[in-house]
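Values in this text are rule-based calculations from the coordinates and carry no lab data. Nothing here was measured: the structure is a model prediction, and the numbers come from that model. All Cβ positions, even for glycine, are placed from backbone atoms using ideal geometry, and neighbour counts span all protein chains on display.
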């Protein structure tokens, strides 16, 4: 039909390989969690997050972005950052709660799917400096980093309750409208001061020497959204629950994300 876009045949190999690696890690994480290898399952989710961060950046740097890549990435993400971490959390800590446990795990899956669908709708129209809501890879990484730090299942019921509360809170943050830095405007090709690189190198060394510190890094990013929202309300001199002046917000940060 005239005026109708033709579907382009073929795919870009390089970013697709990274996305497939992301999906493979998520699938293998499910197998490892089912076998009771919780530390390995958590590490595979973290690896999936690294691959997910690389595929989009490589596609942008090489000019190989495509609609197929966006859709394929979303489908891979729901497996690696929705189903895999929810199943891991259930098998590791939530199984003793039976129905309540799997409901909390399913809440995580549903919120991850909603978050990804909302991202696809807003893709290209929102402020690229920020995410609206906690990104699903960060949410999955938070759950995985906790399991990786403590691979043995919780013995005390109170610890399992705390895990369930964290999983539910992280799930709800995904569908919130809190702003999280996307770091998409970070230009890796430009020259930078050594002082800019030093903190990144130190953070990498700490993570390599003490992998359990990933839990601290993930926790800081998760708390950054609520903390920034509270600080923004305090600086405006308004109660936290009072709506902000959207006109002033637009002038400072660009159009709000809805």
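Structural remarks
- Extending 7 Å from the Cα toward the beta-carbon at both residue 110 and residue 220 defines two label points whose distance is 3.4 nm.
- Separation in nanometres of the label points that stand 7 Å from Cα toward Cβ, at residue 60 and residue 20: 2.5
- The ranking of 167, 217, 100 from fewest to most other beta carbons within 10 Å of each one's beta carbon is 100, 217, 167.
- Spacing of the two label points (7 Å from each Cα toward its C-beta) at residue 159 and residue 210, in nm: 1.9
- Rounded, prolate or oblate (a/c below 1.5 giving rounded, otherwise prolate when a/b exceeds b/c) for the stretch 47-103 by Cα gyration tensor: prolate
- The stretch 65-139-the stretch 153-178 distance, computed between alpha-carbon centres (Å): 15
- Here 214, 235, 174 are placed in order of increasing Cβ neighbour count within 10 Å, fewest first, which gives 235, 214, 174.
- FRET efficiency, 1/(1 + (r/R0)^6) with R0 25 Å, evaluated for residue 121 and residue 236 via beta carbons: 0.30
- Taking 224, 92 and counting other C-beta atoms within 10 Å, the order from fewest to most: 224, 92
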